Structures are given as C-alpha cells and as structure tokens.
1. Across region 161-183, which residue is modelled with the lowest pLDDT among those that are over 22 Å from Asn148 (Cβ atoms), in contact with a Gly (Cβ under 9 Å, 6 or more places away or on another chain) and outside any strand (DSSP E or B)?
2. Is it true that some residue in region 233-245 is in a helix (DSSP H, G or I) and touching an Asp or Glu at 6+ places or on another chain (Cβ under 9 Å)?
3. Within the bounds of region 123-133, is there any residue that is surrounded by fewer than 17 Cβ atoms within 10 Å (Cβ to Cβ), in the same structural domain as Leu154 (by TED's automatic domain parsing), of a type in the set (D, E, K, R) and at pLDDT 85 or above?
4. With the requirement that a residue be charged (D, E, K, R), surrounded by 15 or more Cβ atoms within 10 Å (Cβ to Cβ) and within 30 Å of Gly50 (Cβ to Cβ), what does region 156-192 give you?
5. When you scan region 174-190, do you find a residue that is farther than 17 Å from Ala25 by Cβ and either among the hydrophobic types (A, V, I, L, M, F, W, C) or touching a strand residue (DSSP E or B) at 6+ places or on another chain (Cβ under 6 Å) (or both), even just one?
Amino acid sequence: MGPPYMDFQDGLKTKPTTWGDIALAPKSEELIRSNTTDFFKELSIYKENGKFACRNILLAGPPGTGKSMINDILIQELKDEVTFIYVTSKSIHGSGSIAGIFDAARMLGPAVVIMEDLDLVGTADRNTNNRKDILNELLNQLSGIYDNTGLVVLGSTNQAGAFDEAMLRPLRFSTVVPMQFPDRNLRHKILKKITAGIHLAPDVDLGGLADRTDNYSGAGLTELKEMAIQAAISGHAVDDQGKAIVSAAHFEKALDLIRLKKEYLEQLKRDENPAEGKK
C-alpha cells in the first residue's frame, strides 16, 4: 500500500470507458492519444532519440468537459502495461509529497501520474511558503535534474489562466489540450448518444435542443436528459413497461430548471463579490 497521497493502479475505481463514450474535438483527442497511448507504444524508439521519452500534458477546460473520463479511458487502454499513480491536490501537504510521488513513478515506470485540479498547486499565488515550496518542487520534478524517461504527467485544470508562467514553459506543461464546451454539432452528437436508450416522444427535436444549449458541457447535457426523464416520471408519462416517455414539454421543464439554477448561482456570486457585479 502506497503513501496516503497516492493510489496505485489496482486500487483505482474506474468505469469501463472508451473513446467512443466521449465527445471530443478531433484535435484534442489526437493530442491526447499521441502523447499517451501512442507514446507508450513507441517508447523504445523515443528512448533512442534523446530527451523525448517523457511527456507532460495539461487538460484545460471548464468542469464537465470530460477531463476525468480521459483518465478512465487511458487506464482501460494501458492497464497491465503502465503504472498509474493518481494524485489529488488535497493530499499534497508539502514538497515532500511531490518528491515522493515522482520517486515512485520513476521506480515503477513506465508510469502515468494523474494530477487533478492542478491549478490548486500550480497557480501564480505564492503567498505562503508552503505553497511556494510545493510549486518549486513540482517544477524541479517536471524538468530538473531527474531522468523522467517513460513518465507521463497528466494534469487537469479548470482555469489554466491562473497558472504560474513557469508551469507552462517548454519541457514542463508544454502540451496544453483544450477541453472546451462542445459546439452545436458536437452537442447534437452527444444528445443523440445519451438519449439512444430512452423512449423519446415524436415531438422531441434533438437538433433544436442542440441549438438552445450553448455553453452546455457534456455533463450538462446529461443532466438535462436526466431531469427530462424525471419530469416525465413525475408526470406519469410512462409506457406499459414502465419506461418514461420523454416529450418536448419535459425537456422544456428541464431547461427551465437548469436556467433557474444558473441564475441563482450567478446571483450568489454577485452577492459574495458585489464589486464584480458592478463591472
């Protein structure tokens, strides 16, 4: 059993997820594959070509855009070939935690170090000595005197703009993969996929829903679908087998509830930061 700041491959709880389960922009998927799965397949060749045999990738985008799903996909694809070390920012208590993580990764390599919510570690805010020490140690481990051959560091962040500039320099997180809200066509594709197993009434227009869900993440679209099913069940719209019959009216109700939720959360932010609301 590893130190408290690490979970090793056999202890990770993952879903059997594939690339077909996630809707990504083609360029983002290509960047992730080339720097992970394809990289490990050609690792021996990279080793023969100098200092190319390590990778540091940052998945950057708002919540719900599939960053955690990427972890599940890679663990499924590379299981039994690569060691996975999963790290959360909450369990990093000092620079020693960072050093221990990378020592273990190098010892157990080839390895992927998954660091979620990396903005909580790598931000430009160095107000405390502890945070400064953690950030400096991470920078040294990423591109210092250490041999990181066969190591991939897969970080994720909701706000890459808050990062210390040193984190994004070449040989550190020089590969940034945009995890963006899906565009209209991708939203339509996601809606088709997540509603494939439910009973839709003839009046449901998925293309129309895609038009009206700008700035919805994949998770947001799934929430929309779940709330529409709930509205159907609450309204006793079920077939003989007990499956909900989801109509356009049920999606309308779900859209209204999500809109109210967003307005409420925005109002809370304005109340907490009145100066922001006046800008």
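The values are calculated or read from the model by the stated rules, or taken from the named source; none is laboratory data. None of these values were measured; they are calculated from a predicted model. Here the Cβ is made from the backbone with ideal geometry for all residues, glycine too, and neighbour counts use every protein chain on show.
1. Initially, region 161-183 is screened for residues over 22 Å from Asn148 (Cβ atoms), giving 161-162, 178-183.
Checking which are in contact with a Gly (Cβ under 9 Å, 6 or more places away or on another chain) leaves us with 162, 178-182.
Keeping just the survivors that are outside any strand (DSSP E or B) gives 162, 179-182.
Numbers: Ala162: 67, Met179: 86, Gln180: 84, Phe181: 87, Pro182: 87.
If we take residues in region 161-183 being over 22 Å from Asn148 (Cβ atoms), in contact with a Gly (Cβ under 9 Å, 6 or more places away or on another chain) and outside any strand (DSSP E or B), then Ala162 is modelled with the lowest pLDDT.
2. Residues of region 233-245 in a helix (DSSP H, G or I): 233-234.
Now narrow it down to the ones that are touching an Asp or Glu at 6+ places or on another chain (Cβ under 9 Å): none.
No, every residue in region 233-245 fails to be in a helix (DSSP H, G or I) and touching an Asp or Glu at 6+ places or on another chain (Cβ under 9 Å).
3. Within region 123-133, not a single residue is surrounded by fewer than 17 Cβ atoms within 10 Å (Cβ to Cβ), in the same structural domain as Leu154 (by TED's automatic domain parsing), of a type in the set (D, E, K, R) and at pLDDT 85 or above.
4. Matches in region 156-192: Asp164, Arg172.
5. Let us first name the residues in region 174-190 that are farther than 17 Å from Ala25 by Cβ, namely 174.
Remaining after also requiring either among the hydrophobic types (A, V, I, L, M, F, W, C) or touching a strand residue (DSSP E or B) at 6+ places or on another chain (Cβ under 6 Å) (or both): none.
Within region 174-190 (the criterion being farther than 17 Å from Ala25 by Cβ and either among the hydrophobic types (A, V, I, L, M, F, W, C) or touching a strand residue (DSSP E or B) at 6+ places or on another chain (Cβ under 6 Å) (or both)), the answer is no, since none of the residues qualifies.
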